[in-house]
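Q: Have a look at this one.
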Amino acid sequence: MLEYMKLDPIHRRFFHNNITFSMMYAYSENYVLPLSHDEVVHIKGSMIRKMPGDLWQKFANLRAFYGYMWGHPGKKLLFMGGEFGQWSEWNYKESLDWHLLSAPSDPHHAQLLDFISQLNQLYHNEPALSALDNDPAGFSWIDPHDSDNSVISFQRRSKDTDDTLIFISNFTPVPRQSYRLGVPESGIYYELLNSDHTQYGGSGLINAEDMTSEAIPWQSCSHSITLTLSPLATVVLKRRAGSVGKEGPTTKPTTPEKTE
């Protein structure tokens, strides 16, 4: 996954399987997802330095990656310094660069730390992210095949369908307007978290309004919504409990042609 994130987004479409391959063997072992000290020493570069692009894109890439990681099945381990985007590699002889968090001329580090805090709260508050972590019933792809747009989408579930979360990651800097996404149930969906929010240093291209599903089969689902995919961002959606979407004639779900 780190090799994928290092790529210029224009080339990521050719390495889409780097994202999706992990689920081929996910339940043959218990996952731990470590970004350990070994990844940020010996001239490998800190997490933020691994990201391509200008300053804004580097932080956007890292937020999108962390959002995907927190949604992926498995326990999370993030080595110190990665939570606020320390530029320098880890050095056991020195303190972390805490001064970056108070630099008035560069708020990116404090904003990234705020995003990590929100991810941790999401992980703590949403049963879908842990209840069935080692059970195949806790995860399913919505669309793992959209390599042309470098977009992936999947569900995380608990035993209660009202807990279901939808994760969508757009790994390009291109916003996708009116992007149609399959959803597991009829209802009204809202944005629970978006790494592109201005609070975290993003562009602010978020889905502020609720999204009502339609009975238009799409991807692996019998209903679908349209939303805006923020650039270089991970978006988390949830259905409002008890809500109902727009009903209509239902046909066989449409599965996009698989791309390598």
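The values are calculated or read from the model by the stated rules, or taken from the named source; none is laboratory data. Here the structure is a predicted model, which is why all the values come from computation and not from measurement. Here the Cβ positions follow ideal geometry from the backbone for every residue, glycine too, while neighbour counts run over all protein chains shown. SASA here: full protein model, heavy atoms, side chains in, ligands and nucleic acids out. Shrake-Rupley method; radii C 1.70, N 1.55, O 1.52, S 1.80 Å.
Q: For residues that are of a type in the set (Asp, Glu) and touching a helix residue (DSSP H, G or I) at 6+ places or on another chain (Cβ under 8 Å), scanning just the range 41-99, find the one that is farthest from residue 25 (Cα to Cα).
A: Step one: list which residues in the range 41-99 are of a type in the set (Asp, Glu), which gives 54, 83, 89, 94, 97.
Keeping just the survivors that are touching a helix residue (DSSP H, G or I) at 6+ places or on another chain (Cβ under 8 Å) gives 83, 89.
Numbers: 83: 28, 89: 32 Å.
Taking the candidates together, the pick is 89.
Q: Let me ask something else. In the range 208-227, how many residues are open to solvent by 20 Å² or more (accessible area, probe 1.4 Å) and closer than 19 Å to residue 175 by Cα? Quick ask: steps written out before the conclusion?
A: Applying the first criterion (open to solvent by 20 Å² or more (accessible area, probe 1.4 Å)) to the range 208-227 yields 208-210, 212, 214, 216, 218, 220, 222-223, 226.
Checking which are closer than 19 Å to residue 175 by Cα leaves us with 208-210, 226.
Residues that pass the stated criteria total 4.
Q: When residue 128 is evaluated against the numbered criteria (1) part of a helix (DSSP H, G or I); (2) more than 23 Å from residue 201 (Cα to Cα); (3) over 19 Å from the mean Cα position of the chain (by Cα), which criterion, by number, is the only one it fails?
A: For residue 128, the exception is condition (3).
Q: For the range 162-207, what are the residues that are hydrophobic (A, V, I, L, M, F, W, C), under 15 Å from residue 246 (Cβ atoms) and open to solvent by 20 Å² or more (accessible area, probe 1.4 Å)?
A: Passing the criteria: only 188.
Q: Can you give me the ranges of the strands (runs of 3 or more DSSP E) entirely in the range 162-215 with at least 1 residues that are under 14 Å from the mean Cα position of the chain (by Cα) and more than 21 Å from residue 149 (Cα to Cα)? Quick ask: steps written out before the conclusion?
A: Details: elements: 165-170, 176-183, 188-194.
Result: 165-170, 188-194.
Q: Moving to a separate point now. Go through (1) open to solvent by 60 Å² or more (accessible area, probe 1.4 Å); (2) in a loop (DSSP other than H, G, I, E, B) one by one and return the number of the condition residue 91 breaks.
A: (1)
Q: Then there's this: Do the conditions hold for residue 84, that is, is it assigned to a loop (DSSP other than H, G, I, E, B), among the aromatic types (Phe, Trp, Tyr) and free of Cβ contacts under 8 Å to residues at least 40 places away in the same chain?
A: Details: assigned to a loop (DSSP other than H, G, I, E, B): yes; among the aromatic types (Phe, Trp, Tyr): yes; free of Cβ contacts under 8 Å to residues at least 40 places away in the same chain: yes.
Yes: the conditions hold for residue 84.
Q: Filter the range 1-41 down to residues that are touching a residue at least 12 places away in the same chain (Cβ under 8 Å), part of a loop (DSSP other than H, G, I, E, B) and not aromatic (Phe, Trp, Tyr) and give me whichever is surrounded by the most Cβ atoms within 10 Å (Cβ to Cβ).
A: 16
Q: Restricting attention to the range 186-212, which residues are touching a residue at least 60 places away in the same chain (Cβ under 8 Å), touching a Lys or Arg at 6+ places or on another chain (Cβ under 7 Å) and either within 14 Å of residue 166 (Cβ to Cβ) or polar (S, T, N, Q) (or both)?
A: If the condition is that a residue be touching a residue at least 60 places away in the same chain (Cβ under 8 Å), touching a Lys or Arg at 6+ places or on another chain (Cβ under 7 Å) and either within 14 Å of residue 166 (Cβ to Cβ) or polar (S, T, N, Q) (or both), then 192, 195 are the ones that fit.
Q: Could you tell me which residue of the range 117-161 is surrounded by the most Cβ atoms within 10 Å (Cβ to Cβ), considering only residues that are in contact with a Ser or Thr (Cβ under 9 Å, 6 or more places away or on another chain) and among the basic types (Lys, Arg)?
A: Step by step, filter the range 117-161, then rank; the result is 156.
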